[in-house]
Amino acid sequence: MDNSNNKKLLFSKGIDNAFISVSKAFRFTALFFKEAFKRPFHLREIFNQCFEIGIKALPLITLTGFVVGMVFTKQSRPSLEEFGATSWLPSLMGIAIVRALGALVTALICAGKVGSGIGAELGSMNVTEQIDAMEVSAINPFKYLVVTRVTATTITIPVLALYCSFLGLLGAYVNVHSVEAISIVTFCQNAFSSIRFLDIFSSLFKSIVYGFTIGIVGCYMGYNATQGTRGVGKAANRAVVLSIFLIFIEEIVIVQVTNWIRYF
Amino acid sequence: MENTELHTINKDESVISITGLYKSFDDVQVLDGIDFTLLKGENFAILGKSGSGKSVLIKIIVGLLKPDKGEVIVLGQQVDKLNRKELDALRIRVGFSFQSSALYDSMNVYQNLAFPLTMNYRDLSKKEVGNAVEEVLESVGLKEKLYQMPSDLSGGQRKRVGIARMLILKPEIMLFDEPTAGLDPITSNEIIELINEVKKQNNASSLIITHDLTCAKNTGDRIAMLFEGKFLKAGTFKDVFAMDNEHIKGFYNYNFIQ
């Protein structure tokens, strides 16, 4: 009987904690919007963070973007060949990369590289009392650490996604060119012929949402880290896992909404 | 509880006045009815073993934690009733030196010291900031470490930089959280001398939270002994340790043996 009551109590506590966590996360996000539009804006720190994020993610995005474009083209060719439709390859790559792959690949790389970095950095600052040190020096740490980082990821990740799409298309061109004698101009004309403004807009919008998600999740996990160095590791890990989970949910929702708009 | 010395003080001369302060975490009562007053120009040391609530008390004073009950008045303002802007204005006047020093590890010593200054006084020129940093670093005897990273400093040097960072905003009250914790006896003595020296130079009041008897004896004009969230006794060092109380005697003997 006691055992059963204990289990019930633990279950009930677990549900309570889940609701408390969600409410804390919403309050954290609301605080971001409240602080983001108030002076001072710490533009220099935002610029520094954009630079830092760009530098961190650029090599991996360069490599991944190019390879994804190339491999995806290589894998798609046999299927299109069956229908004698290899001339559609540039269009297919254009749609795949601009609509989905560019933004998604960039977001996943940044969730791992940037999100974990933010989680670990803020977590470490939290457990070593550096955040408290800012508070007692009359500096708003939320504004200086969180608002700047989230703004930086929201700005930088769409730019990186654009760069990743460009490299993906370049990779696709290299693969197509190795099989067929096609000029880059023709390839680009074909690739962009099926792309509409809505595709570019939805892709850009997705990247902004992903950037915001990666920044806010990383900051939330780091800012609320406890339990010393173990907590820092946990914060970094949770930042990556939760960011990727949310990115996939956002991807599904945005694609669905874009399709409704497209066929409306 | 024999803390009558803490109430017989003229409140007009006080810079910190705490009345009936209670704080608990979950089911643990950490502060259980604290009353004390810190006078202008006074050094007040609070002694107690780990977990007695010393750090919680000092964090409530700067508004890092909220009390469950009680009144905390710092420089005439009730801390838990202040909004963010008012609290920041008060925090500029109250310096805080952390037990761990809490230096920003991504910044060098110069940037650590310049950061609070540039963030709070945005119209200062680079030269003014540089002069202030050099001046304050010289006062803690570390002028040559200007461009070193915190990770390259020893424990004692980090404490000094932490104190310098507190001094750069020229506080009226200085709060020291375990200033000698983790330091060897020689470095501890240097930090004790530094606390007394900066107090004289800045004509500020200091609250020193410590478990180190030597530190409390050599820095505190008055001391108080905190035990299980309550003050056992307050007064001069001699008064406190003349008291026949098993906890006070135990604490004294433990430190003496150490």
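A few comments on the model shown:
- In chain A, the DSSP-assigned H stretches of four residues or longer account for a calculated mean residue ellipticity at 222 nm of -28500 deg cm²/dmol, using -39500 (n - 2.57) per stretch and the full residue count as denominator.
- Test item: B:18-26 mean partner chain Cβ contacts at 10 Å: 0
- Partner chain coverage, peptide A:120-130 - average Cβ within 10 angstrom: 3
- Relative to the 2.2 N^0.38 Å rule of thumb, the stretch B:108-181 has a C-alpha radius of gyration ratio of 1.06.
- Chain B: translational diffusion in µm²/s, Stokes-Einstein, Kirkwood Rh over Cα pairs, 20 °C, 1.002 mPa s: 114
- In range of the label at A:Ala36: residues from the stretch A:212-245 whose backbone nitrogen is under 14 Å from the point 7 Å along Cα→Cβ: A:212-220
- Accessible-area value, B:Ser100, 1.4 Å probe, nucleic acids and ligands omitted, Å²: 60
- Each of B:Leu31, A:Leu242, A:Leu10 has its accessible area taken with a 1.4 Å probe; listed largest first, they run A:Leu10, A:Leu242, B:Leu31.
- Shape analysis of the stretch B:44-133 places it in the oblate category; the axes a ≥ b ≥ c from the Cα gyration tensor give an a/c of at least 1.5, with a/b not above b/c.
- Relative contact order of the stretch A:42-263, pairs being alpha-carbon contacts under 8 Å that are 6 or more residues apart, as %: 35
- Shown here is the pair-distance distribution of the stretch A:129-225: with all Cα-Cα distances grouped in 5 Å bins from zero up to the longest one, the shares run 3, 11, 14, 15, 12, 10, 9, 8, 6, 5, 4, 2, 1, 0 percent.
- Exposure check, 1.4 Å probe, all protein chains in place: A:Tyr173 carries approximately 40 Å² of accessible surface.
- Chain A: DSSP helices with Cα axial extent of at least 15 Å and average Kyte-Doolittle hydropathy no lower than 0.0: A:43-82, A:116-127, A:148-179, A:197-223, A:228-263
- On a per residue basis, the stretch A:42-263 carries 45 Å² of accessible surface, using protein heavy atoms and a 1.4 Å probe.
- Take every pair of alpha-carbon atoms less than 8 Å apart whose residues are at least six positions apart; their mean separation over the length of the stretch B:177-258 yields a relative contact order of 22 percent.
- Per residue, the convex hull spanned by the Cα atoms of the stretch A:58-120 amounts to 72 cubic angstrom.
- Shape analysis of the stretch A:42-263 yields a ratio of the Cα radius of gyration to the Kirkwood radius, Rg/Rh, of 1.08.
- Remark on the stretch A:1-139: hydrodynamic radius 20.2 angstrom, per the Kirkwood mean of 1/r across alpha carbon pairs.
- Buried surface for the B/A pair, taken as the accessible area of each chain alone minus that of the pair with a 1.4 Å probe, is close to 1700 Å² in total.
- For the stretch A:1-74, the fraction of 1.4 Å probe accessible surface lying on carbon and sulfur atoms is 70 percent.
- Between A:Lys7 and A:Cys188, the modelled labels are 6.6 nm apart [label points 7 Å from Cα along Cα→Cβ].
- Cα long-axis angle, helix B:246-257 against chain B (0 to 90 degrees, to the nearest 10): 50
- Computed over protein heavy atoms with a 1.4 angstrom probe, the accessible surface ordering of A:Phe264, A:Phe192, largest first, is A:Phe264, A:Phe192.
- Solvent-free Debye scattering, log10 I(q)/I(0), computed from the Cα coordinates of the protein assembly as shown at q = 0.07, 0.08 Å⁻¹: -0.53, -0.65
- Of the peptides A:209-221, B:112-124, the order by per-residue mean of other Cβ atoms within 10 Å, starting with the highest, comes out as A:209-221, B:112-124.
- Taking A:Asp132, B:Asp184 and ordering them by how much accessible surface each has at a 1.4 Å probe, largest first, produces B:Asp184, A:Asp132.
- Counting all C-alpha pairs of the stretch A:186-260, share separated by more than 15 Å (%): 64
- Taking every alpha-carbon pair under 8 Å whose residues sit at least 6 apart, chain B reaches a relative contact order of 27 percent.
- Share of carbon and sulfur in the accessible area of the stretch A:117-204 stands at 71%, probe radius 1.4 Å.
- Distance from the Cα centroid of the stretch A:163-228 to that of the stretch A:62-114 is 10 Å (rounded to whole angstrom).
- Projected label points at B:Lys249 and A:Phe51, each 7 Å from Cα along the beta carbon direction, are separated by 6.5 nanometres.
- The stretch A:238-264 and the stretch A:1-28 have Cα centres spaced 28 Å apart.
- Structure-based [θ]222 nm, chain B - -39500 (n - 2.57) summed over DSSP H runs of at least 4, per residue, nearest 500: -12000 deg cm²/dmol
- Each residue of the stretch B:175-228 gets 79 Å³ once the volume of the Cα convex hull is shared out per residue.
- Residue list for the stretch A:29-66, given a label point 7 angstrom along the Cα-to-Cβ vector of B:Arg122 and an amide N cut-off under 20 Å: A:32-50
The values are calculated or read from the model by the stated rules, or taken from the named source; none is laboratory data. These figures come from a predicted structure and were not determined experimentally. All Cβ positions, glycine included, derive from the backbone under ideal geometry; neighbour counts span all protein chains shown. To get the accessible areas, we keep the full protein, side chains included, count just its heavy atoms, and leave off ligands, DNA and RNA. Shrake-Rupley method; radii C 1.70, N 1.55, O 1.52, S 1.80 Å.
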